[in-house]
Amino acid sequence: MKKWTVGMPDRKIVSELSLKCGISSLAGAVLASRGFSSPDQVMSVLNSSELSDPFLITDMELASDTINDAIDNGLKICVYGDYDCDGIMSTVMLYSYLLETGADVFYYIPERSEGYGLNKNAIDYIAQQGAELIITVDNGISAIDEADYIYEKGMRLVITDHHQPGDTLPRAEAVVDPHRSDCFSPFKFLCGAGVALKLISALDGGDYTMALEQFGDLTAIATVADIVSLTGENRFIVSYGMQLIENSDRPSVMALKQVCGLSDKPVDTFSVGFGLGPRINASGRFGSPSLATELFLSEDYDEAFKIASELDSLNNLRKKTESAIMEEIFAMINNNPQLLNNRVLFLCGKGWHHGVIGIVASKIMEKFGMPCFIASEENGEIRGSVRSFGGFSAFEALKYCSDCLEKFGGHPGAGGFTVKQGMADEFNSLLQKYALEFHKDMPVMTINADAPVTASELTVQNIRSLKQLEPFGADNEKPLFLIDNAVAEEITSLSGGAHTKVRFKLGFTYFDALIFHTAPDELCFSKGDTCRLIASLEINSFRGKESVSVYVKDCRPVCFEQSKILSAQSAFRAFMRSEKLPDNFYPRMAPSRDEAVECYKLIPSGQGIGFDALFSKLKNPNINYCKLSVIIEALRQLELVSVSYSAGKVTRVPVTEKKDLMSAPVLVKLNQLKS
């Protein structure tokens, strides 16, 4: 279960923002909930209508002078990119611009197998091609040794990057990175393509007109795909670029939209982030980044469509590979559920594709609400990715375990690592030790609703007004709302039980809500129950008629007591880790035989029942969530039930012999501690 937080915006502030900014009360409530308290603050965000002078970025003038001199003197230039969407877009943009100016230019993007950033083998190859100047895009800020090697080879270097620099900057003619401590440009959160856009405008004398017209669409795609902050100048870049994408005559964009099914549909950050972006990234994950680069350099639609179709196939392969790894992980957890009682999750598989383990780590983290370290062993080497949330820093955890690691890097939310040979178990032990030492109370994954919404606010006009807050993305997430006291009137299975539609009554208003990836029998409420929902709101258009669509992010009956259930879950996991609990906890956790039988009778065979749904059906107030977890574990240990932790469901299984309930190891241990 995830923790819910619900904003309760000051109604006076909401009224003032709505009146003076010309926005709806619903949009005003979202802004007030996110900390906006004055119309001036709101207008400064919503009216991001320009980009700051590119020359305000430190070394930008040096970079443009160096590159323009190289063009004028006919020097051979190499644009050095990266294999992700941001790096590919940055490469295409700068390479195309330089080509149009008549420069002698080629590009190089390393394969994923080469690793991120500059490497000496690539530098040797570039030198053999006769390059005299290398310009990095979306990388280079940490390439200290590689930069020196470039100069040893008789070449020069210009670095453009958006990642955090270290204490020492690489040797270069210019190092353009808004995160430099001596850079006083007003906006710091550009992606690599955003920095490249500013470089192109600087090369053109500082005017953005040409740069935006030619490359605004590519910069927007990269900005969304790289999940940088959609505030400030990035809002302008994405808003401008979305218009170009929607009305594009660029063969590559048209072809990608075609294979994504977006040709005749409005384009927003969601369709870019989950449609265009993954297909571009698939080239670097499962093929070669040169494939996506060729797509965006193509000027012929038929050729572009052929390449876009290849990228679509690679993306399908990515999804299949990802699903296969997820299934392996679910099997590991179902076979060893103690893994979920650890403070952090460390899993390693044989031959898991390195191109997707970062995505898998994110999905497993979201699924189980735990920091996840997912690794793959190949040819004796264990490499992995970590994803985290809340106050648990992925980077600090890796640093704590550094004696077990060949190398590591990252930031609080994500990182990468390579485990020393034979030290995987020690690495896992140190991870758990770090978590216990620095996070006695582990962070709980949270869903944040911006504000409650009433029945009278569920109108097409109100929901349409939320578009004023677009584009949505990092630091400007799509609004979520709390719908309270909604009565479930009808529950309908969709797509053979893959999804559920629920007809709710809220006051005198009826609305349909969609709950994706949840079957009706997995719901924690039944027909007639009064529920609480956290949901996003959309407008559905069908045969010319518009209606409100509600997409449920999470739901629960009103009787669910969040703090008690979260505390109960935490106590159960601590007990299963053999951590000491207060003495008075053990009697409240220990079930009687009658309580266990009561739960067992509610567990069906066949499809089984979800944990939360089972809890909601219990009528005994003495069975708290922790006690229920103990009962399920005891029944599992005695093979009276099977448990799918991936689906969060328990199923009764056929029994051929009588079992002594109190002989279950979990109950033996608990009763010893209780006495």
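The values are calculated or read from the model by the stated rules, or taken from the named source; none is laboratory data. In this text, all values refer to a predicted model and were calculated from it rather than measured experimentally. Cβ coordinates were reconstructed from backbone atoms using ideal geometry, including for glycine residues, and neighbour counts include every protein chain displayed. Heavy atoms of the whole protein, side chains included, go into the accessibility calculation; ligands, DNA and RNA do not. Shrake-Rupley method; radii C 1.70, N 1.55, O 1.52, S 1.80 Å.
Checking the structure you have, find out if any residue of the range 244-260 is out of contact with any helix residue (DSSP H, G or I) (no Cβ under 7 Å at 6 or more places or on another chain), assigned to a helix (DSSP H, G or I) and at pLDDT below 95.
Yes, the range 244-260 contains a residue that is out of contact with any helix residue (DSSP H, G or I) (no Cβ under 7 Å at 6 or more places or on another chain), assigned to a helix (DSSP H, G or I) and at pLDDT below 95.
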Residue hits (the range 359-413; of a type outside the set (D, E, K, R), more than 24 Å from residue 3 (Cβ to Cβ) and part of a strand (DSSP E or B)) are 375, 376, 382, 384, 385, 405, 408, 409, 410
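From the list 347, 291, 317, pick out the single residue that is under 21 Å from the mean Cα position of the chain (by Cα), in contact (Cβ under 8 Å) with a residue 12 or more places away in the chain and assigned to a helix (DSSP H, G or I).
That would be 317, the only listed residue that is under 21 Å from the mean Cα position of the chain (by Cα), in contact (Cβ under 8 Å) with a residue 12 or more places away in the chain and assigned to a helix (DSSP H, G or I).
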Per the list (1) open to solvent by less than 20 Å² (accessible area, probe 1.4 Å); (2) at positive phi, residue check on residue 154 breaks on (1)
Test residue 171 against the criterion of being touching a residue at least 24 places away in the same chain (Cβ under 8 Å) and surrounded by fewer than 19 Cβ atoms within 10 Å (Cβ to Cβ), and give yes or no.
-> yes
Scan the range 634-654 residue by residue and report those that are open to solvent by less than 70 Å² (accessible area, probe 1.4 Å) and farther than 16 Å from residue 602 by Cβ.
-> 637, 638, 644, 645, 646, 647
Scan the range 69-83 residue by residue and report those that are open to solvent by less than 20 Å² (accessible area, probe 1.4 Å) and either in contact with a Pro (Cβ under 6 Å, 6 or more places away or on another chain) or in a helix (DSSP H, G or I) (or both).
-> 70
Restricting the search to the range 400-415, which residues are surrounded by 15 or more Cβ atoms within 10 Å (Cβ to Cβ) and either in contact (Cβ under 8 Å) with a residue 40 or more places away in the chain or charged (D, E, K, R) (or both)?
-> 414
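Can residue 436 be described as part of a helix (DSSP H, G or I), of a type in the set (A, V, I, L, M) and open to solvent by 40 Å² or more (accessible area, probe 1.4 Å)?
Against the criterion (part of a helix (DSSP H, G or I), of a type in the set (A, V, I, L, M) and open to solvent by 40 Å² or more (accessible area, probe 1.4 Å)), residue 436 qualifies.
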Scanning the range 109-124 for residues that are open to solvent by 40 Å² or more (accessible area, probe 1.4 Å) and at pLDDT below 95, which turns out farthest from residue 204 (Cα to Cα)?
-> 113
Hey, does the range 553-574 have a residue that's in contact with a Ser or Thr (Cβ under 8 Å, 6 or more places away or on another chain), open to solvent by 20 Å² or more (accessible area, probe 1.4 Å), in a helix (DSSP H, G or I) and not aliphatic (A, V, I, L, M)?
-> yes
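Does residue 395 meet the test of being at pLDDT below 95 and of a type in the set (A, V, I, L, M, F, W, C)?
So residue 395 passes the test.
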Residue ID - surrounded by the most Cβ atoms within 10 Å (Cβ to Cβ), chosen from residues in the range 98-108 that are assigned to a helix (DSSP H, G or I) and touching a strand residue (DSSP E or B) at 6+ places or on another chain (Cβ under 9 Å) | 98
Expected single match for free of Cβ contacts under 8 Å to residues at least 60 places away in the same chain and under 24 Å from the mean Cα position of the chain (by Cα) among 192, 117, 154 is 117
For strands (runs of 3 or more DSSP E) lying entirely in the range 461-549, having 2 or more residues that are open to solvent by 70 Å² or more (accessible area, probe 1.4 Å) and touching a Lys or Arg at 6+ places or on another chain (Cβ under 9 Å) picks out 481-494
Of the candidates 604, 591, 582, the one satisfying the condition of being in a loop (DSSP other than H, G, I, E, B) and crowded, with 19+ Cβ neighbours inside 10 Å is 591
Give the residue, chosen from 271, 263, that is closer than 22 Å to residue 319 by Cβ, in a helix (DSSP H, G or I), open to solvent by 10 Å² or more (accessible area, probe 1.4 Å) and polar (S, T, N, Q).
-> 271
Criterion: hydroxyl-bearing (Ser, Thr, Tyr), touching a residue at least 12 places away in the same chain (Cβ under 8 Å) and under 24 Å from residue 649 (Cβ atoms) - qualifying residue of 362, 376, 388, 393 = 362
From (1) open to solvent by 40 Å² or more (accessible area, probe 1.4 Å); (2) farther than 22 Å from residue 170 by Cα; (3) part of a helix (DSSP H, G or I), pick out the condition that doesn't hold for residue 88.
-> (1)
Could you grab the pairs with beta carbons closer than 6 Å, sequence gap of 6+ or different chains, first residue in the range 473-500 and basic (Lys, Arg), second one surrounded by fewer than 19 Cβ atoms within 10 Å (Cβ to Cβ) and at pLDDT 95 or above?
-> 478/536
Could you please find all residues in the range 36-68 being within 26 Å of the chain's Cα centre (by Cα) and either open to solvent by 40 Å² or more (accessible area, probe 1.4 Å) or under 26 Å from residue 482 (Cβ atoms) (or both)?
-> 36, 45, 46
In the range 19-35, which residues are open to solvent by less than 40 Å² (accessible area, probe 1.4 Å) and at pLDDT 90 or above?
-> 26, 27, 28, 29, 30, 31, 32
